[in-house]
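What follows is a single structure, written as structure tokens, with notes after it.
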Amino acid sequence: MTKVEVFAPAKINLALHVTGQRADGYHLLDTLVGFADIGDRITLHSERLPKSFEVTGPEAVPELESDHNIMWHAAMKFWQADTALSMQLEKHLPMASGIGGGSADAAATYRGLLLLRAAIEGHGTPRDPTSEDAHAMLEIGADVPMCVLSDPARVRGIGEQIEPIPDFHPYPIVLVNPRVQVSTPAVFKRLATKDNPGLDPWPDSFEDRDAVLDWLGAQRNDLQDAAVQDCPAIAVVLEALEQSGTCRLARMSGSGATCFGLFDRVHKAEAAADAIRAAYPDWWVQSGRLNGGRRAVPQLIRSTT
């Protein structure tokens, strides 16, 4: 049996500008994304048993164990082998929460399948993604290609134009979700203006923490106000982050309801997370760093015959 483990980091929209809408209904975005060291874990097995799918973890729900799961969509597109495929999902990210949990899981599945195939065939390293792969990933979900990279990046179009940012500072971060699922289509429907300006010109360097935080503060999430109309709890989350006193920037990620706070020191982020947990024990609250890409490389755990 060959076994591969892959970390699926949360995707954070640090800024999200809606710049248009195509004739087919897809919205055009200009967004800066980062990836946290908070996320799900995927385990893939190649074995001579019928396929199986098991979901565990604190955010596991029965509906995830289905052939309709986005991970199976990825497996059907990218797994072509004589042996069956079994998958385990250790779920830590809330569902429908604006931090790319499903897309991150599909992307991690894809990365793991490349390594699994290379291990079975006796190659040292997996093959590089192809243009056909990229097209198939977009068919699974617009966020999947950026989650495959799991590196800070500017993303435009419907998610296919990705410009990695190699020098992005690893900010301490707090993620907070009020345990309310938000409908992405409903949020976009509420958006009054869909042809907003894109991101401002880049800072001179993304290594300058303070300059980048100032720049980020001048950007927007164009979906935030619309999401607050559907989910007023988002405004309460943002207020809780801002009231920590040490949060440098608080904003909603994606279409919500998860919000993030950026901090300049780890201990400040951890203290803010502890205070929010104490005040709102029913919320999902996690602290970490924006460096998920470093952990997202698939790991070959064991290969036996």
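Values as computed for the structure displayed
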| quantity | calculated |
| --- | --- |
| Test result for Ser303, surrounded by 14 or more Cβ atoms within 10 Å (Cβ to Cβ), among the hydroxyl-bearing types (Ser, Thr, Tyr), in contact with a strand residue (DSSP E or B) (Cβ under 7 Å, 6 or more places away or on another chain) and at pLDDT below 95 | yes |
| Condition met for Leu16 (surrounded by 21 or more Cβ atoms within 10 Å (Cβ to Cβ) and either modelled with pLDDT of 95 or more or touching a Gly at 6+ places or on another chain (Cβ under 6 Å) (or both)) | yes |
| Residue pairs meeting the criteria (Cβ under 9 Å; at least 6 apart or on separate chains; first free of Cβ contacts under 8 Å to residues at least 12 places away in the same chain, in segment 161-183; second among the small types (Gly, Ala, Ser)) | Glu163/Ala153 |
| Flag if Leu28 is surrounded by fewer than 20 Cβ atoms within 10 Å (Cβ to Cβ) and either part of a strand (DSSP E or B) or acidic (Asp, Glu) (or both) | yes |
| Gln219 in a loop (DSSP other than H, G, I, E, B), closer than 21 Å to Ala10 by Cβ, at pLDDT 95 or above and under 21 Å from the mean Cα position of the chain (by Cα) | yes |
| Pick from segment 73-90, criterion in a helix (DSSP H, G or I) and touching a Lys or Arg at 6+ places or on another chain (Cβ under 9 Å), ranking: farthest from Arg179 (Cα to Cα) | Phe78 |
| Among (1) closer than 23 Å to His92 by Cβ; (2) in a helix (DSSP H, G or I); (3) in contact with a helix residue (DSSP H, G or I) (Cβ under 8 Å, 6 or more places away or on another chain), the one test that Ala226 misses | (1) |
| Long-range neighbours under 6 Å by Cβ, at least six apart or interchain, first residue in the same structural domain as Gly101 (by TED's automatic domain parsing) and within 10 Å of Gly39 (Cα to Cα) within segment 1-20, second buried (at least 22 other Cβ atoms within 10 Å of the Cβ) and charged (D, E, K, R) | Ala8/Asp40; Ala8/Asp105 |
| Qualifying residue in segment 178-201 (condition: of a type in the set (Lys, Arg) and either part of a loop (DSSP other than H, G, I, E, B) or under 25 Å from Asp282 (Cβ atoms) (or both)) | yes |
| Residue tally, condition in contact with a strand residue (DSSP E or B) (Cβ under 6 Å, 6 or more places away or on another chain) and either at pLDDT below 80 or of a type in the set (Gly, Ala, Ser) (or both), over segment 51-63 | 3 |
| Criterion violated by Thr31 - all others in (1) over 22 Å from Ile301 (Cβ atoms); (2) more than 18 Å from the chain's Cα centre (by Cα); (3) hydroxyl-bearing (Ser, Thr, Tyr) satisfied | (2) |
| Criterion: hydrophobic (A, V, I, L, M, F, W, C), within 20 Å of Ala36 (Cα to Cα) and assigned by TED's automatic domain parsing to the domain that holds Asp282 - qualifying residue of Leu223, Leu191, Leu199, Leu213 | Leu213 |
| Residue match in segment 89-101 (condition: surrounded by fewer than 19 Cβ atoms within 10 Å (Cβ to Cβ), more than 30 Å from Leu14 (Cα to Cα) and either in the same structural domain as Glu63 (by TED's automatic domain parsing) or not aromatic (Phe, Trp, Tyr) (or both)) | no |
| Hey, Gly288 touching a residue at least 60 places away in the same chain (Cβ under 8 Å), part of a strand (DSSP E or B) and crowded, with 20+ Cβ neighbours inside 10 Å or not | yes |
| Residue in segment 218-231 that is farther than 22 Å from Asp30 by Cα and in contact with a Lys or Arg (Cβ under 9 Å, 6 or more places away or on another chain) present | yes |
| Qualifying positions in segment 119-165 - surrounded by fewer than 18 Cβ atoms within 10 Å (Cβ to Cβ) and among the polar types (S, T, N, Q) | Thr125, Thr130, Ser131, Gln161 |
| Tally of residues being over 16 Å from Thr43 (Cβ atoms) and in a helix (DSSP H, G or I) across segment 53-72 | 3 |
| Those residues of segment 1-39 which are touching a His at 6+ places or on another chain (Cβ under 8 Å) and basic (Lys, Arg), in sequence order | Lys3 |
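The values are calculated or read from the model by the stated rules, or taken from the named source; none is laboratory data. Small disclaimer: the values here were computed from a predicted structure and weren't measured. So basically every Cβ, Gly included, is an ideal-geometry build from the backbone, and we count neighbours across all protein chains shown.
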